Amino acid sequence: MNRAVALALPPLCFALAAAVPAPGKGATITVTVTDLRNAKGIVRACMTADEARFPRCRGVAGAHGATAEAREGNVSFTFKDVTPGRYAIALLHDENSNGKADRALGMMPKEGFGFSRDAKVRMGPPSFSDAVIDIGKDDRQLTIRMRYML
């Protein structure tokens, strides 16, 4: 695997220190994550409208973050009070619960990842435009497949 794939998941992209929006102002977005390979650790999710910082969440105003105990097969997240706009979602199956995307040989992701619109990892993480989804006022359900390189 080449060095470009190593850039797919920045080490701090899933720290969840984002601002929480005011209640009652938006849609409820339910995300079902499929194809988890085991029940180790946790699954982290980040939904952000910040194109320049995607797939990072740390310190991003208005970003939505969530975690769930891993379970082989599927897990679900619910983001509440999401104001209408354009968002992208990044996922990490943090199998050892250390809060970062671990790598093999310093480059290749060892843990699972996924992105909205099933955006592909090519020469680094997908662009915001490849993963972007439009959220309106209505509640919405999405499915994202977890991918593993090792």
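The values are calculated or read from the model by the stated rules, or taken from the named source; none is laboratory data. Only a predicted model underlies this, so the values are computations on that prediction, with no experimental measurement involved. Neighbour counts run over all protein chains shown; Cβ positions are idealised from the backbone, glycine included.
Is there a residue being aliphatic (A, V, I, L, M), at pLDDT below 95, surrounded by fewer than 20 Cβ atoms within 10 Å (Cβ to Cβ) and within 20 Å of A104 (Cα to Cα) anywhere in the stretch 12-28? Yes; the residues of the stretch 12-28 include at least one that is aliphatic (A, V, I, L, M), at pLDDT below 95, surrounded by fewer than 20 Cβ atoms within 10 Å (Cβ to Cβ) and within 20 Å of A104 (Cα to Cα).
Each row is one residue, and each column tells you yes or no for (1) modelled with pLDDT under 95; (2) under 15 Å from M47 (Cα atoms); (3) touching an Asp or Glu at 6+ places or on another chain (Cβ under 8 Å).
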position	(1), (2), (3)
E69	no, no, no
V75	no, no, yes
T78	no, yes, no
L91	no, yes, no
G114	no, yes, no
M123	yes, no, no
D138	no, no, no
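Taking first residues from the stretch 126-143 that are farther than 16 Å from A49 by Cβ and partners that are hydrophobic (A, V, I, L, M, F, W, C) and outside any loop (DSSP other than H, G, I, E, B), the Cβ contacts under 7 Å between residues at least 6 apart in sequence or on separate chains come to D138/A27; D139/A27.
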